[in-house]
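A.B. asks: The following block contains the structure, expressed as structure tokens.
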Amino acid sequence: MRAAVYFKHGKPEDVLQAVEVAEPGCPGRGEVLVRVLLRPVHPGDLLGVSGRYQPGSVIPEGGIRVGFEGYGVVEQVGDGVNLKPGTRVAFFPGRGAWSEKALVAAEFVTEIPDEVSDEAAAQLHVNPLTTALLLRAVETSGAKPGRDVVVLTAAGSAVARLTIALLLDRGYDVVGVVRRQAGVNELNVVFPDLPVVSTDKTGWQDRIFSASDGHPIGVVLDPVGGETASAATGLLSQGGSLVSYGDLSGQPISVPALYFSTRDIRISGVTVGRWAGLPQELRKADLKLALELAASRPELFPVEEVFDLADVAKAAAQVELPGKTGTVLLASQ
């Protein structure tokens with residue numbers, strides 16, 4: 001079978017390739033063998049390929065298979081698994097998701113109802129589950145609907161759009177931050193009344209204050225880091241929180257020490273990589289939310305482009321281009 005593999009760290013479009021590998025064995029007890037049809041290409045996947053998570057780590061001779069999220073159909077199940085072959089499923093986490101077949105623990109496999117499209121099912125886990133983590137971070141920060149403003153950087157991203165939708169549903173005031181003026185227009189197509197500010201013009205921090213209409217900025221949700229996160233942290237009100245969930249810029253966050261002692265600013269982070277370790281009941285609630293979103297808000301699961309698995313390098317290059325309005329998917333039969 002084919003699988004996306006890299007044999008050295010580097011620029012993803014240069015080091016990713018689809019190669020023939022051995023198929024997984026038969027599923028053991030509590031396991032599911034999935035024939036994978038679609039997989040999302042997340043920026044976080046590409047950070048791993050480039051070596052950002054573990055700089056200097058040694059890659060085994062056979063390379064590393066990529067991907068943790070996918071959608072497909074059940075091919076075979078092990079003992080103790082109540083799924084039938086041919087059932088549509090999505091999964092996360094499951095190693096080697098960018099392969100034509102993946103062996104996954106049944107507890108991380110989600111059956112897909114008929115009303116959820118294949119494309120939305122392929123995006124069912126990482127982005128919506130990150131959204132669930134961010135919502136909990138906002139709630140635990142002490143920010144209150146109707147009182148505090150939540151600012152999202154990289155507001156045009158898939159995760160941010162899902163998060164904006166749910167924050168608005170819960171009564172929070174939200175301000176989006178994007179890199180380009182074109183991004184303002186694109187986001188306002190989905191959220192016509194949302195205040196959106198572009199950082200490509202000077203004075204963007206002042207425009208965030210204006211959009212907040214006198215309400216305190218209680219939380220900044222940021223996947224960018226670097227100058228954007230640093231500047232946004234300075235906008236937080238007394239006791240406000242910066243919640244980091246990515247490092248797209250590759251640059252450190254730099255804030256004055258007095259932010260902590262005199263303003264009680266707090267910095268924390270969330271990652272979907274820790275989601276599998278959460279209590280089962282919490283994971284069930286998160287998956288219920290994800291399925292409800294996929295069924296009722298399909299416009300929040302747009303697809304930018306679908307590439308064949310053989311073109312994984314081209315897909316990686318597409319992900320890193322600015323101006324995307326949807327998720328890049330990898331397909332196989």
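A.B. asks: Which FRET efficiency value, to the nearest 0.05, do you get for ASN82 and ALA310 by plugging their Cβ-Cβ distance into 1/(1 + (r/R0)^6) with R0 = 45 Å?
C.D. replies: 0.85
A.B. asks: When the helices in the chain are scored as -39500 (n - 2.57) per DSSP H run of 4 or longer and the sum is shared across all residues, what 222 nm value do you end up with, to the nearest 500 deg cm²/dmol?
C.D. replies: Computed ellipticity for the chain at 222 nm equals -8500 deg cm²/dmol.
A.B. asks: How long are the semi-axes of the equivalent ellipsoid of the stretch 127-272, defined as square roots of 5 times the Cα gyration tensor eigenvalues? Whole Å, largest first.
C.D. replies: 20, 17, 16
A.B. asks: Let me ask another. Mind checking which aspartates and glutamates have their C-alpha under 14 Å from LYS84, skipping anything on the same chain fewer than 8 residues away?
C.D. replies: Candidates past the 8-residue exclusion: GLU31, GLU75, GLU111.
A.B. asks: A further question follows. Calculate the spin-label point distance for LYS284 paired with GLU299, positioning each point 7 Å from the Cα along the beta-carbon direction, and give it in nanometres.
C.D. replies: Each label point is offset 7 Å from its Cα along the Cβ direction, giving 3.3 nm.
A.B. asks: A further question follows. Run the numbers for SER249 and ARG52: contour at 0.36 nm per residue of separation, minus the present Cα-Cα distance, in nm.
C.D. replies: Additional length available on full extension: 69.8 nm.
A.B. asks: Under 8 Å for C-alpha pairs, at least 6 residues apart: give me the relative contact order for the stretch 1-133, rounded to a whole percent.
C.D. replies: Answer for the stretch 1-133 is 29 percent.
A.B. asks: Which whole-number percent is the relative contact order of the chain (Cα, under 8 Å, 6+ apart)?
C.D. replies: Value for the chain: 19 percent.
A.B. asks: Take every Cα pair under 8 Å in the stretch 127-272 that's 6+ residues apart, average their separations, divide by the length, and report that relative contact order as a whole percent.
C.D. replies: It comes to 23 percent, rounded to a whole number.
A.B. asks: Moving on. Which length gain, in nm to one decimal place, applies between GLU61 and TRP204 when the Cα-Cα distance is subtracted from 0.36 nm times their residue separation?
C.D. replies: 46.6 nm
A.B. asks: Related question: Please report the orientation-averaged projected area of the chain, defined via the convex hull of its C-alpha atoms, in nm².
C.D. replies: Mean projected area for the chain: 17.1 nm², to one decimal.
A.B. asks: OK, next. If every alpha-carbon in the stretch 203-333 counts as one equal scatterer, what log10 I(q)/I(0) does Debye give at q = 0.10 1/Å?
C.D. replies: -0.51
A.B. asks: With the radius of gyration and the Kirkwood radius both derived from the Cα set of the stretch 92-180, what is their ratio Rg to Rh?
C.D. replies: Rounded to two decimals, Rg over Rh is 1.06.
A.B. asks: Take every DSSP beta bridge whose two residues both sit in the chain, then give the antiparallel share in percent to the nearest 5.
C.D. replies: Counting only bridges with both partners in the chain, antiparallel ones make up about 55 percent.
A.B. asks: Could you compute the FRET efficiency for ASP193 and GLN238, with r as their C-beta to C-beta distance and R0 at 35 Å, rounded to 0.05?
C.D. replies: 0.80
A.B. asks: Just want the ordering: PHE7, PHE92, from fewest to most Cβ atoms lying within 10 Å of their own Cβ.
C.D. replies: Taking fewest neighbouring Cβ atoms as first place, the list is PHE7, PHE92.
None of the figures in this text is laboratory data; all of them are computed from the coordinates on show. Quick caveat, the model's predicted, so the values are computed rather than measured. Don't worry about glycine lacking a Cβ; one is built from the backbone with ideal geometry, like all the others, and counts go over all protein chains shown.
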